[in-house]
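The values are calculated or read from the model by the stated rules, or taken from the named source; none is laboratory data. The structure presented is a predicted model; accordingly, all values stated were derived computationally and were not measured. Positions of Cβ are generated from backbone atoms using ideal geometry, with glycine treated the same way; all protein chains shown enter the neighbour counts. We work out accessible area using only protein heavy atoms, side chains counted, and drop any ligands, DNA or RNA first. Shrake-Rupley method; radii C 1.70, N 1.55, O 1.52, S 1.80 Å.
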Amino acid sequence: MGSKTPLYDAHLRAEAKMVDFHGWDMPLNYGSQIEEHKAVREHCGVFDVSHMTIVDVEGAEAQNFLRYLLANDVAKLKTPGKAQYTSMLNENGGVIDDLIVYFFSETAYRLVVNSATRDKDLGWIEKVAADFDVSVKERDDMAMVAVQGPEAAEKMQQVLSAEQFAEIDGMKPFLGKNVDDYFIATTGYTGEKGYEIVVPAGQIETLWNQLLEAGVAPCGLGARDTLRLEAGMNLYGQDMDEEITPLEANMGWSVAFDPAERDFMGRKALEQKKAEGHDKLVGLVMKDKGVLRHGQKVLVEGGEGIITSGSFSPTLGFSVAMARVPASVGDTAEVELRKKNVTVQVVKPGFVRNGQSVL
Amino acid sequence: MSNIPADLKYASTHEWVRDEGDGTFTVGISEHAQELLGDMVFVELPDVGDKVATGDDIAVAESVKAASDIYAPMTGEVVAVNEDLEDAPETVNNDPYGDGWLFRIKAEDSGELDNLLDANTYEASIDED
């Protein structure tokens, strides 16, 4: 048996098909992955993301510590609650994990990291933290749901009190706010508007039930994967890992090389990689019948690459993928499908935003 | 527990076969198989007139999760395919034993039906999975 989130029984009641996800018993779907995907694109869905790891970093040197630990620069964060997408790198510039950091003050931050990498992440954070005056605390007393979709705000209005909703009404993207016992952030992993809500574990089932009663569709890991792929968002372990630098994973924008005097873990290796040149992560679009899948070989101008994530896109009605290929790639590529080679279009990763195709 | 109609025969590779009584046999995939595959997104069918032999991979059911070969359960000629699946592959999920049928074979030897599993044996085989 794997670990269970506080919503395990609620998932069974909603007739979830449960699967093992890196040691957690998680819902794959509650009937149809495609219906759940469409619910998020057109209305509103809720995901149990309590398996993700929340880490609070506090102390006099919290800012200096995170400026060294993380590839993006937390000194850019000035507004309390502001969120930043970033990554933790090893000395070689390989991605230990990607994460979101929330700024409360220069002595208090919150990190939300992946569940699959929990043990190595915590080990790494503790190791690097040893040289700084900071405390690192895993918040396993908290659970988390993601409420995503164009109707997310009106659904939240139905489950929060008027005073609580006023606190988050009109909140800009990538901000978080403490609202009574909840921490509500305008972040997500779907390419839609929505919220990620951190809640004391004992209160999460009540919130979940309220959301379902408000007509929000429970959504599983299956829909979460196709939604994030359509949105061009990376999945750790698939689109990048410790052997891959952010530069090769379409995450270069989340690495702050300025100011030049800031040293951060992996910086030297990245600068060298930048000077030498490197592969890049692109999007692929295939309008022919068939589905692009993880691991398929991609032939491009100047060499070959590999599909890191691929699926049928329920919103677009054809297959899309992300692939790591030589930088010499042109506008098209050849993919070796099951029994044939197919020419596919090469685009920037990111296929759907706010319910609409961006192709 | 998935539905396994007693009036059908089954291949261990999860196809079902219905004897239409006129020398033709309708083929689909079992409810258990569609559950394993998840939401269907494409179904590639053989062409009418194709000669097929038992065990040939002649169709592909492609779901959000995986592409799965579908094998001819009997030797013969394909005499019909379910063209409605082109626009509505989800029918295989919603009605695997009815409107979600895949193709029909005119068998060379109807006796081949006896080589397939009955519902009880098929059920026992998937319980072992």
Two-site label geometry, B:Asn94 and A:Glu213: point separation in nm, points 7 Å out along Cα→Cβ: 3.2 nm
Lys, Arg +1 and Asp, Glu -1 on Cβ, resulting dipole of chain B about Cα centre, debye, nearest 20: 120 debye
Area of A:Met233 that stays accessible when all protein chains are in place (1.4 Å probe, Å², to 10): 40 Å²
Ratio Rg/Rh, restricted to the range A:231-296 and using Cα atoms, in which Rh is the Kirkwood radius: 1.06
For the range A:256-266, Karplus couplings with θ = phi - 60° (6.51, -1.76, 1.60), whole Hz, Gly/Pro x: 9, 7, 9, x, 4, 7, 6, 8, 9, 4, x
Sulfur and carbon atoms: percent of accessible area, the range B:10-108 [1.4 Å]: 41 percent
A:Glu192, B:Glu90, reordered so the largest accessible area comes first (probe 1.4 Å): B:Glu90, A:Glu192
Estimated 222 nm signal from helices in chain A, with DSSP H stretches of n ≥ 4 weighted -39500 (n - 2.57), rounded to 500: -6500 deg cm²/dmol
Dipole moment magnitude, nearest 20 debye, chain A about Cα centre, only Lys, Arg, Asp, Glu C-beta charged: 1140 debye
Accessible area (Å², 1.4 Å probe, nearest 10) - A:Arg353: 110 Å²
Sum of -39500 (n - 2.57) over DSSP H runs of 4+, divided by residues of chain B (222 nm, nearest 500): -4000 deg cm²/dmol
Average Cα contact separation per residue, chain A, under 8 Å, 6 or more apart, as relative contact order %: 19 percent
Cα centre as origin, Lys/Arg/Asp/Glu Cβ charges: the range A:224-292 dipole, Debye: 240 debye
In nm, spacing of pseudo-spin labels at A:Leu359 and B:Asp47 (7 Å Cα→C-beta vector): 2.7 nm
Within a Gaussian network of chain A (alpha carbon springs, distance under 10 Å), most fluctuating of A:Arg224, A:Arg324, A:Arg13: A:Arg13
Carbon/sulfur fraction of accessible area - the range A:6-82, other protein chains in place, 1.4 Å, %: 49 percent
Reciprocal mean inverse distance between Cα atoms of the range A:113-266 - Kirkwood radius, Å: 18.0 Å
Cubic angstrom per residue, convex hull over Cα atoms of the range B:10-108: 79 Å³
Net charge over other residues, Cβ less than 15 angstrom from the Cβ of A:Asn250 (K, R count +1; D, E count -1): 0
Which of B:Trp16, A:Trp253 is most accessible, then next, and so on - probe 1.4 Å: A:Trp253, B:Trp16
Pairwise label distance in nanometres, A:Asp133 with B:Val79, each label 7 Å out on the Cα-Cβ vector: 8.8 nm
Inter-centroid distance (Cα atoms) of the range A:193-224 relative to the range A:227-256, Å: 26 Å
Å³ per residue enclosed by the Cα convex hull of the range A:87-140: 92 Å³
With DNA, RNA and ligands ignored, accessible area of A:Lys76 (1.4 Å probe; Å², nearest 10): 120 Å²
Accessible area that becomes buried as A packs against B, both chains, 1.4 Å probe, Å², nearest 100: 1300 Å²
Alpha carbon centroid spacing (whole Å) that separates the range A:305-350 from the range A:117-155: 32 Å
12 Å Cα-Cα reach of A:Lys268 towards aspartates and glutamates, excluding residues that sit fewer than 8 places from it in its own chain: A:Glu91
Dimensionless Rg/Rh of the protein assembly as shown - Kirkwood Rh, Rg from C-alpha atoms: 1.03
Listing of the range B:22-52 residues, each with accessible area lower by at least 10 Å² in the full protein assembly than in the chain alone (probe 1.4 Å): B:Glu35, B:Asp39, B:Val41, B:Phe42, B:Val43, B:Glu44
Heavy-atom SASA rank of A:Leu227, A:Leu212, A:Leu337 (probe 1.4 Å, accessible area, largest first): A:Leu212, A:Leu337, A:Leu227
The range A:135-194, accessible area per residue, ligands and nucleic acids excluded (1.4 Å, Å²): 47 Å²
